[in-house]
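Shown next, in structure tokens, is the structure this report addresses.
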Amino acid sequence: QLVESGGGLVQAGGSLRLSCAASGLAFSRYGMGWFRQVPGKEREFVAAIRRTGDVTNYAESVKGRFTISRDNVKNTMYLQMNNLKPEDTAVYYCAADLFGWGSSSAGYDYWGQGTQVTVSS
């Protein structure tokens, strides 16, 4: 089970830190990713991190503003979001991939329920 938290309403330029707590799976064996979705649009890749935490990948739209990290002792993944923009408004989902840490949602095995992030202008 994956449970996201930390979403909310923030003004443009502000920051939020999302968390994804994992239970019932061997967290350190999974690559992890963050995705986001706006109603009526496809789910969009945001960032991913290798199971060991030493390799990360970001969508171009968030590079330099967002930082993905994980703590394999606490079975938790994070997404630090700085300099938020109105276009970052979406439901953010975390996901676990046993075989990689790719940018395609099709590769992920488990998903959280999502947390809403709203950035006002």
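The values are calculated or read from the model by the stated rules, or taken from the named source; none is laboratory data. Just so it is clear, the structure is predicted and the values come from calculations on it, not from any experiment. Backbone-built Cβ (ideal geometry, glycine too); neighbour counts: all protein chains shown. Calculation scope for accessible area: heavy atoms of the full protein, side chains included, ligands and nucleic acids excluded. Shrake-Rupley method; radii C 1.70, N 1.55, O 1.52, S 1.80 Å.
Go through segment 22-47 and give me each residue that's within 10 Å of the chain's Cα centre (by Cα) and farther than 13 Å from TYR78 by Cβ.
PHE35, ARG36, PHE45
Out of curiosity, is ALA26 touching a residue at least 12 places away in the same chain (Cβ under 8 Å), open to solvent by less than 50 Å² (accessible area, probe 1.4 Å) and of a type in the set (A, V, I, L, M)?
On the way: touching a residue at least 12 places away in the same chain (Cβ under 8 Å): no; open to solvent by less than 50 Å² (accessible area, probe 1.4 Å): yes; of a type in the set (A, V, I, L, M): yes.
For ALA26, the condition - touching a residue at least 12 places away in the same chain (Cβ under 8 Å), open to solvent by less than 50 Å² (accessible area, probe 1.4 Å) and of a type in the set (A, V, I, L, M) - is not met.
If the requirement is being open to solvent by 60 Å² or more (accessible area, probe 1.4 Å), touching a strand residue (DSSP E or B) at 6+ places or on another chain (Cβ under 6 Å) and in a strand (DSSP E or B), which of these qualifies: ARG17, ARG36? Give the steps one after another, and end with the answer.
On the way: ARG36 fails: open to solvent by 60 Å² or more (accessible area, probe 1.4 Å).
Of ARG17, ARG36, the one residue that is open to solvent by 60 Å² or more (accessible area, probe 1.4 Å), touching a strand residue (DSSP E or B) at 6+ places or on another chain (Cβ under 6 Å) and in a strand (DSSP E or B) is ARG17.
Find all pairs meeting these conditions: Cβ atoms under 6 angstrom apart; at least six residues apart or on different chains; first residue within segment 94-114 and under 14 Å from GLN37 (Cα atoms); second residue of a type in the set (Gly, Ala, Ser) and modelled with pLDDT under 95.
Hits for this filter: zero, empty list.
For a quick check of your reading: which strands (runs of 3 or more DSSP E) sit entirely within segment 47-88 and have at least 2 residues that are of a type in the set (A, V, I, L, M, F, W, C) and either open to solvent by 20 Å² or more (accessible area, probe 1.4 Å) or farther than 17 Å from LEU18 by Cα (or both)? Lay out the reasoning, then the answer.
Numbers: elements: 56-58, 66-71, 76-81.
Ranges flagged: none.
Please specify each residue of segment 73-94 satisfying the condition of being over 21 Å from GLY8 (Cβ atoms) and either touching a Phe, Trp or Tyr at 6+ places or on another chain (Cβ under 6 Å) or modelled with pLDDT under 95 (or both). Spell out the reasoning first.
Applying the first criterion (over 21 Å from GLY8 (Cβ atoms)) to segment 73-94 yields 73-75.
Once the filter is applied, which keeps residues that are over 21 Å from GLY8 (Cβ atoms) and either touching a Phe, Trp or Tyr at 6+ places or on another chain (Cβ under 6 Å) or modelled with pLDDT under 95 (or both), segment 73-94 yields only ASN75.
Scan segment 70-91 and report the pairs whose first residue is among the small types (Gly, Ala, Ser) and whose second residue is surrounded by 14 or more Cβ atoms within 10 Å (Cβ to Cβ), with Cβ atoms within less than 7 Å and a gap of 6+ or a chain change.
Listed pairs, sorted by first residue: ALA90/ARG36; ALA90/GLN37; ALA90/VAL117.
Filter segment 94-112 down to residues that are open to solvent by 20 Å² or more (accessible area, probe 1.4 Å) and either small (Gly, Ala, Ser) or touching an Asp or Glu at 6+ places or on another chain (Cβ under 7 Å) (or both), then give me how many there are. Working first, answer last.
Filtering segment 94-112 for residues open to solvent by 20 Å² or more (accessible area, probe 1.4 Å) gives 98-99, 101-107, 109-111.
With the extra rule that they be either small (Gly, Ala, Ser) or touching an Asp or Glu at 6+ places or on another chain (Cβ under 7 Å) (or both), the set shrinks to 98, 102-107, 109.
Here the count works out to 8.
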